[in-house]
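Reading through the structure tokens given below for one structure.
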Amino acid sequence: MNPASPGADAQPAGDADSPADDRDSADGGTPLESAITGKLLFVFILGDVLGAGIYALVGEIAGKVGGAVWVPLLVALAMALLTASSYAELVTKYPKAGGAAVFAERAFRRPAVSFLVGFSMLAAGVTSAAGLSLAFAGDYLGTFLDVPTVPAALVFLGVVALLNARGIKESMRANVVMTVVEVSGLVLVVALAAVVVGRGDGDPGRTLEFTDTASPAVTVLAAALLAFYSFVGFETSANMAEEVRDVHRVYPRALFLSLGVAGAVYVAVGLAVSAVVPSSELAETSAPLLAVVSAADVGVPDRLFGLIALVAVANGALLTMIMASRLTYGMARQRLLPSAGARVLPRRRTPWVAIVATTAVAMILCATGTVAALAETVVLLLLVVFVSTNLAVLVLRRDRVQHPHFRTPAVLPVLALISCVVLATQQTADTWLRAGILLAVGAVVHLGLRGARRGRGRSLENPETVNS
């Protein structure tokens, strides 16, 4: 098999730069450690989905749709589940690091397409991490420290990188703790809202109100774009496939269960915030859930909830950077990125070069835009990935593998493609421009790698040209 393709396991013999080692055969063809159980995977996905999206953007959603915040959240969940079904089939069919890039290469057999998909996913990951770092260093951190946002975000990204490099077990254990904290914070918001409504201070009728700026269908669709960002994160788990035990059985269960739990929590939070705080007030604050805590006035300190929110954002950033580094590793291992990106620490067995590179890019991006602008860019970049993945499911239906895997009904990828197109039509021109610039950078990298490979090929065919 061609080692340049994402489906290849072997590295070229005699390649001094090859990151492969003798552990490949012992660990099922990967030097990464298979340490993720079904429970850990469930917590991983749930922790990645339940993050800054709901903690920071529910006010923005209320500003677009009105008090019926739960409606676009439910619509976004349905859209996410459609694409998740495609991931469930492809991940269990081709459990390799690289995720969507692997699927694209197998389906379309064009390195340029595979690279575009992989780079879109990578760009979305580091952009999301940059936005999360700004969210961490913003109003919630301001509850404790009065520090400049960008420098604080840079320090935060450095700490995340150190934890990522320490090891997947350590990172997953930290994720378990942080996920429990962030879920507890959301449950607390729902409970406090029930207290407010129970004593007659809330207005449950607001949960059925829509803004009068446009028809309900239009406002729900516009709000669903932001709500969709609250559900992205499930796709990052595809890049952990090589580190999941019994992936064909474990992955679909963990994926759908985590999205279902996240959707139920989000709908409950949407109902809670609207019943307690008017949508006009929610739209004006960058800490909408904190507004519910303050309105309840039952003795819960603002700083305590601020700490919970910081943990939630930190967890999302950690999981996103884990994904980005593993994706970089997978693409580098298949020569879609420079091969140095596939080097791993001998003892920790973590892709250290990929971690350093993705952290550096995220640091640069966090100085280029706001949380909202970066979030919109993430969604558009991921729509490129989701379109490719949903098409790949249909194209690869005739490709047979020797192991059992999940199979999704053919109608679901088709509906998922339609939902991606609908969401793309809601993006602004500025978002298209920002995403286009990032993809243009990827195109330059791809062309540079192609040119370098061709140059090496000519040198091997004509050795005398080396000394000319």
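Figures for the structure shown
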item: The range 33-140 shape via C-alpha gyration tensor axes, a/c threshold 1.5; result: prolate
item: Charge-dipole axis of the chain as Lys and Arg at +1 and Asp and Glu at -1 on Cβ define it, positive-most pick from V181, V371, G330; result: G330
item: Selected from Y251, L318, V421, residue furthest toward positive end of dipole (the chain; charges at beta carbon); result: Y251
item: Per-residue [θ]222 nm for the chain (sum of -39500 (n - 2.57) over DSSP H runs n ≥ 4, rounded to 500); result: -23000 deg cm²/dmol
item: Over the chain, relative contact order from alpha-carbon pairs under 8 Å, at least 6 apart, %; result: 33
item: (i) 20, 40, 24, 11, 4, 1; (ii) 26, 56, 17, 2, 0; (iii) 26, 60, 14, 0, with the label sought being that of the calculated P(r) over Cα pairs in 20 Å bins from 0, in percent; result: (ii)
item: Count of lysine pairs in the chain with Cα separation under 26 Å (8 or more residues apart, or interchain); result: 5
item: In degrees, nearest ten, helix 302-333 long axis to first principal axis of the chain (Cα); result: 20
item: Relative packing of 127-136, 410-419, 437-446, which averages over residues the other C-beta atoms within 10 Å, highest first; result: 127-136, 410-419, 437-446
item: In degrees, nearest ten, helix 429-461 long axis to first principal axis of the chain (Cα); result: 10
item: Whole-Å distance, taken between Cα centres, linking the range 359-417 and the range 277-329; result: 25
item: Highest average packing first - 320-327, 74-81, 158-165, 273-280, Cβ atoms within 10 Å; result: 320-327, 273-280, 74-81, 158-165
item: Cβ charges +1 (Lys, Arg) and -1 (Asp, Glu), total dipole of the range 183-289, debye; result: 360
item: Over the range 334-393, equivalent-ellipsoid semi-axes from the Cα gyration tensor in Å; result: 26, 20, 9
item: Apportionment of accessible area to carbon and sulfur, the range 132-228, percent (1.4 Å); result: 69
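The values are calculated or read from the model by the stated rules, or taken from the named source; none is laboratory data. What you are looking at is a predicted structure, and each value in this text was computed from that prediction instead of being measured. Here Cβ is always computed from backbone atoms with ideal geometry, including for glycine, and neighbour counts include all displayed protein chains. Keep in mind that these areas ignore ligands, DNA and RNA; they rest on the heavy atoms of the full protein, side chains included. Shrake-Rupley method; radii C 1.70, N 1.55, O 1.52, S 1.80 Å.
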